[in-house]
Amino acid sequence: MLLSLWLVPGEASCTSVLVLGRISDDPQSHYEQLQPLLDYVVPRMADVGIREGRILMARDAQQMASYLRRGRVDWLTETAGTAMALGQRSGAEPLLLTERNGEREYRSVFFVRNESPLRSLADLKGRSLALQSPLSTSAYLVPAMELLDHGLRPEILLTPSDTPARDSVGYVLARSELNISTYVHKGMVDAGVVSDIDWSRERSVPAAFRRDFRIIHTTEPYPRAIEMVRADLEPRVRERLRQVLLQAADDPKARPALEKFFGTSRFHPVDSVTRQRLDHLKAALLRIRMEVE
């Protein structure tokens with residue numbers, strides 16, 4: 001087993017070391033998820049000079065962007081929204097599309113209680129909406145963008161009991177998908193948004209809640225996760241990493257490591273459709289910063 005070390009802030013990575021990064025509030029858990037795939041990848045990159053793998057955790061996106069700019073992290077996996085935000089801050093670039101548990105894409109679904117008079121996004125004006133957190137692609141970035149694209153103005157509320165302005169959609173940050181569904185079920189807010197994947201998960205939207213809900217709007221699909229690399233990663237290292245990851249799903253030796261790696265089932269090339277959707281997310285990030293946050 002390859003030894004993976006933590007980098008300290010003053011330590012620079014070298015060309016023989018591949019550094020896998022992660023934004024984490026639970027380093028030990030994430031270390032256990034990252035390490036097996038790193039152990040699989042590194043020996044298969046010896047022909048481009050890689051001899052060692054290391055893991056570097058960042059406490060937030062700002063710190064990770066700094067690591068990427070300074071060459072301390074070479075590769076990381078993230079949800080599409082966070083990946084694009086890191087790209088804007090650091091120049092990091094998409095390497096591959098990540099399929100998790102057989103899903104390449106997901107959509108955001110807006111839902112209400114069955115007895116609600118709300119039937120469409122337009123009906124949300126002057127109403128309240130539960131989102132997750134600014135780090136969420138499906139339960140913050142995409143729904144905020146969808147509201148703006150439909151001529152609606154999102155406005156943050158401090159608590160679910162706050163009253164939004166009549167010409168805005170008031171949103172409260174619920175921190176988790178379960179809290180979102182709970183807020184809607186208890187009538188604390190008028191509507192909620194989760195991904196279509198979380199909509200079907202018992203731990204996010206319990207069946208006892210779901211039968212009392214109905215969906216009023218579903219967005220276009222977006223990539224579920226993206227593998228990113230720093231902009232100045234040596235081209236031959238970048239290409240070899242791309243090849244190893246693309247081939248991993250067909251190698252039985254890689255399957256346990258992929259499963260540990262956030263339930264990854266395989267990696268896919270970033271095609272023109274994926275790039276278009278990622279570009280849309282980039283534009284959304286800028287617009288939300290200017291018009292919402």
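Quick look at the numbers
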| read-out | value |
| --- | --- |
| From phi via Karplus (6.51, -1.76, 1.60), per-residue ³J(HN,Hα) for segment 74-87 in Hz, x at Gly/Pro | 9, 8, 8, 10, 8, 5, 4, x, 5, 4, 5, 5, 5, x |
| Long-range amide H partners of LEU56 with built H, under 5 Å | LEU20, GLY21, ARG22 |
| Nonlocal amide H pairs with TYR171, under 5 Å, H built at 1.01 Å | LEU129, GLU155, ILE156, LEU157 |
| Anisotropy class of segment 108-219 from Cα gyration tensor, a/c 1.5 cut | rounded |
| Distant-in-sequence amide H partners of LEU233 (H built 1.01 Å from N, under 5 Å) | none |
| Between 0 and 90°, nearest 10: helix 272-291 axis offset from the chain longest Cα axis | 60 |
| Degrees, to the nearest 10: 27-41 long Cα axis against longest axis of the chain | 50 |
| The chain, dipole about Cα centre (Lys/Arg Cβ +1, Asp/Glu Cβ -1), debye to the nearest 20 | 40 |
| Contact order relative to length of segment 156-293, as percent, for alpha carbon pairs under 8 angstrom and 6 or more apart | 14 |
| Segment 24-98: relative contact order in percent, alpha carbon pairs under 8 Å with at least 6 residues between | 23 |
| Listed residue (ALA144, SER108, LEU178) projecting farthest to the positive dipole end of segment 108-219, Cβ model | LEU178 |
| Estimated [θ] at 222 nm from DSSP helical runs (n ≥ 4, -39500 (n - 2.57)) normalised by residues in the chain, nearest 500 | -10000 deg cm²/dmol |
| Segments 84-95, 259-270, 137-148 sorted - mean Cβ within 10 Å per residue, highest first | 137-148, 84-95, 259-270 |
| Label of the coordinate-derived value, mean projected area of the Cα convex hull in nm², listed as (1) 15.4; (2) 14.1; (3) 16.6 | (1) |
| Contact order normalised by residue count of segment 108-219, Cα under 8 Å, 6+ apart, percent | 43 |
| Length added when fully stretched, ARG287-ASP26, from 0.36 nm per residue minus Cα-Cα | 90.9 nm |
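Computed from the coordinates by the stated procedures, all read-outs in this text should not be read as laboratory data. These figures come from a predicted structure and were not determined experimentally. Every residue, glycine as well, gets a Cβ built from its backbone with ideal geometry; the counts of neighbours run over all protein chains shown.
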